[in-house]
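The values are calculated or read from the model by the stated rules, or taken from the named source; none is laboratory data. As the structure is a prediction and not an experimental result, all values here were calculated from the model. Cβ placement follows ideal geometry from the backbone for every residue including glycine, while neighbour counts extend to all protein chains displayed.
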Amino acid sequence: MKNLNLLLLASLLWWGCNAFDPATVADATASQVERVEPPCWWTGMKTALQLMVKGENIAACKVSVAGLSGVSIEGVIPGDSPNYVFVNLRISPAARPGTRYLVFSTEDGTAFKVPYEIAARRRGTRESFSSKDLIYLIMPDRFANGDPSNDTVEGLPDTLSRDRDFGRHGGDLRGMIDHLDYVADLGATAIWPTPLLLDNQRRASYHGYACCDYYRIDPRFGDNAMYREFVDSAHAKGLKVIMDVVTNHCGTAHWWMEDLPFKDWIHVFPEYTGTNVLFSAYMDPYASDYDRHLQESGWFVPSMPDMNLDNPFVLKYFQQWAVWWTEYSGLDGFRVDTYPYNEPGPMSRWCAAVRREFPWINIVGECWDPEPVQLAYWQSGARNPDGFDSHLPCIMDFPLRDALVAALNEDEGGWGRGMSRVYGSMAHDFAYADPQNMMIFMANHDHSRMGDVLGHDPARMKLGLALIATLRGIPQLYYGDEMLFSADGGRDNDGAKRIDFPGGWEGDPVDYFTTEGRREGGVAELHDYASRLLNWRKGASVIHTGRTKHFMTRDNTYAYFRYNETDIVFVFINNSLSEVRVPWSHYAEMVSGPASGRDVITGASVNLSDDTAVPAKTALIAELKK
């Protein structure tokens, strides 16, 4: 007992608690304390706080907290590098908001301090994205340039070069804020920008997926305060905001790559080793440890080091980071890039931690797997033989996406062709824990432009829009697909496919953000179809949460009903090259005899029977009278 008391006394002397008068301690210099992350915190949080402090030989310092009461140190852990220390802080339930000070003292008696703000947290809860929403995906660098003064920023090597496919084109947060009306008027209710955090790679930094600072908005987009302004402005327009995050990898230009906190902060190999992209290794009963190790530890590409989430300090860092951005900015959900490349166990704990702090929040993972049963493995609640639960509530429906795109390009039906592909994909919903909480889409920033994929055919695009607007799940539309954007110059590379939105730059010959510009550009009719359809969807609760009944044919048509206790919507997709009469008598289990209703696109009354004709390459969407 005597030794234990001595140990406790030594701990108190080492860590201290309000032992200093902050007024008597000098402020830290930039070299003494380079970074403290998270940069601030809040009262009343469930998430325990662990600060990562970086500074020259900071691990040799004693650490204490000074200032207002209610905050104490529970532990101090040095990194493998002497320039890092991890400080576990306890914030008592009675702690008042205000500034505390982290005080660092050296063996020679020198002491220095850094302020640390504990603020009052936001009140109330928010509603995250769900099947009620349509998500509009944009790439900020290619959407609109609202502030040319930040096109090139001193110290950031990848400068403005709009004529290069992989160069930075100048789009920014101000441009996004300036054009939120366009997104809302289209009928979207949520907006997903690709990553906005600092990406300081020497080239191709425009996409943001090689993060170099997890707590800083890229200054070529704006700053942290402007991101908050963007979220607030979106909310004022009725738009939720989804933050695109990457937990699997950072960029080689990340500041910590020069001095890693721990030797195993990232996955290290004797020479560059890439992932084998073998998602099946997780659920394959015959998979080798060798293959699984390469899948979860190999690097995504040479410029993106693979984070080691098995290191508890790395996992804690990313858990707090997601919590911090949610509380700081008021965002409404997350999209997680390259989800299955992460270690499954730690990512399950990441999801659980974020949702423990914000039980209302939705998180969608990019699980790019074309096999429905393997994709289903990643959704929380899946009946997995190994007992694994990801705690990831939402997944992206890549199998349905593949079926949609293939079907829209096939004029003939038959076994495994045309609309039977979509029927077959939907029939796999038995495998998913929650089919309604799946993101459905035709394309995102990693796909070819729908204008190119569909041969610049507006009729085919309308069919695609009709499908994603009325099938189960959460529809997502990639910016400009509502007007059949094509890759710049027909070049089939990522940079060319991520084209600039016409009108987002001064001097653009047409402005597709305006009705006049769309008319001049010849895309007004398709845009108006999309807008009518998506604005109708906003109020169609039967589409948001209703059940589905679909009917199989081999003539390249697809019929289904979305229904609940009070409402019913009938959808008939004619993807063939000929007019087709609706086989209404086939649907007796849903509707007995002819029916009447309203065409949701034209608003006209419709009478449905075996004599109803649907023209080639068109969709009939009708609200029926019960």
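Just one of the numbered conditions (1) in a loop (DSSP other than H, G, I, E, B); (2) buried (at least 17 other Cβ atoms within 10 Å of the Cβ); (3) touching a helix residue (DSSP H, G or I) at 6+ places or on another chain (Cβ under 9 Å) is not true of ARG121: (2). Could you say whether any residue in segment 275-297 is of a type outside the set (D, E, K, R), buried (at least 19 other Cβ atoms within 10 Å of the Cβ) and within 30 Å of ILE191 (Cα to Cα)? Taking every residue of segment 275-297 in turn, at least one turns out to be of a type outside the set (D, E, K, R), buried (at least 19 other Cβ atoms within 10 Å of the Cβ) and within 30 Å of ILE191 (Cα to Cα). Only a single criterion out of (1) surrounded by fewer than 18 Cβ atoms within 10 Å (Cβ to Cβ); (2) free of Cβ contacts under 8 Å to residues at least 60 places away in the same chain is not satisfied by THR618, namely (2). Scanning segment 101-118 for residues that are surrounded by fewer than 18 Cβ atoms within 10 Å (Cβ to Cβ) and charged (D, E, K, R) returns GLU107, ASP108, GLU117.
For segment 1-46, taking the residues that are acidic (Asp, Glu) and over 21 Å from TYR317 (Cα atoms), the one that is modelled with the highest pLDDT is identified as ASP27. Regarding segment 316-323, can at least one residue be identified that is buried (at least 19 other Cβ atoms within 10 Å of the Cβ), in a loop (DSSP other than H, G, I, E, B), in the same structural domain as GLY208 (by TED's automatic domain parsing) and at pLDDT 95 or above? There is no residue in segment 316-323 that is buried (at least 19 other Cβ atoms within 10 Å of the Cβ), in a loop (DSSP other than H, G, I, E, B), in the same structural domain as GLY208 (by TED's automatic domain parsing) and at pLDDT 95 or above. When restricted to residues that are assigned to a strand (DSSP E or B) and surrounded by fewer than 19 Cβ atoms within 10 Å (Cβ to Cβ), segment 73-90 contains 6. Looking at ASP178, ASP147, just one residue is farther than 30 Å from MET45 by Cβ and in contact (Cβ under 8 Å) with a residue 40 or more places away in the chain, and that residue is ASP147.
Please find, within segment 413-424, the residue that is farthest from TRP350 (Cα to Cα) out of those that are surrounded by fewer than 22 Cβ atoms within 10 Å (Cβ to Cβ) and at pLDDT 95 or above.
Looking at residues that are surrounded by fewer than 22 Cβ atoms within 10 Å (Cβ to Cβ) and at pLDDT 95 or above, I get ARG417.
Among the residues of segment 462-516, those identified as without any contact (Cβ under 8 Å) to a residue 40 or more places away in the chain and among the β-branched types (Val, Ile, Thr) are VAL510, THR514, THR515.
Of the numbered criteria (1) more than 30 Å from ALA59 (Cβ to Cβ); (2) small (Gly, Ala, Ser); (3) surrounded by 14 or more Cβ atoms within 10 Å (Cβ to Cβ); (4) not assigned by TED's automatic domain parsing to the domain that holds LEU477, the one ALA94 fails is (3).
In segment 398-415, the residues that are under 17 Å from MET461 (Cβ atoms) form Cβ pairs under 7 Å with partners that are of a type in the set (Lys, Arg), at six or more places apart or across chains, as follows: ALA403/ARG421; ALA406/ARG421; ALA407/ARG421; LEU408/ARG460; GLU410/ARG417. Hey, does segment 267-277 have a residue that's touching a residue at least 40 places away in the same chain (Cβ under 8 Å) and more than 27 Å from GLU371 (Cα to Cα)? Yes, there is a match, as at least one residue in segment 267-277 is touching a residue at least 40 places away in the same chain (Cβ under 8 Å) and more than 27 Å from GLU371 (Cα to Cα).
Out of GLY455, GLY424, GLY416, GLY451, one residue alone is closer than 26 Å to ARG383 by Cβ and of a type outside the set (Val, Ile, Thr). It is GLY424.
PHE129: in contact (Cβ under 8 Å) with a residue 12 or more places away in the chain, surrounded by 15 or more Cβ atoms within 10 Å (Cβ to Cβ) and within 33 Å of the chain's Cα centre (by Cα), yes or no? When the stated conditions are applied, PHE129 passes them.
Between a residue in segment 442-457 that is on the phi > 0 side of the Ramachandran plot and any residue that is crowded, with 17+ Cβ neighbours inside 10 Å and assigned to a loop (DSSP other than H, G, I, E, B), which pairs come within a Cβ distance under 8 Å, given they are 6 or more apart or on different chains? From residues that are on the phi > 0 side of the Ramachandran plot, the pairs are HIS456/LEU484; HIS456/SER486. Under 20 Å from LYS497 (Cβ atoms), touching a residue at least 60 places away in the same chain (Cβ under 8 Å) and of a type outside the set (Lys, Arg) - does that describe any residue in segment 181-193? Checked against the condition, which is being under 20 Å from LYS497 (Cβ atoms), touching a residue at least 60 places away in the same chain (Cβ under 8 Å) and of a type outside the set (Lys, Arg), segment 181-193 yields at least one hit.
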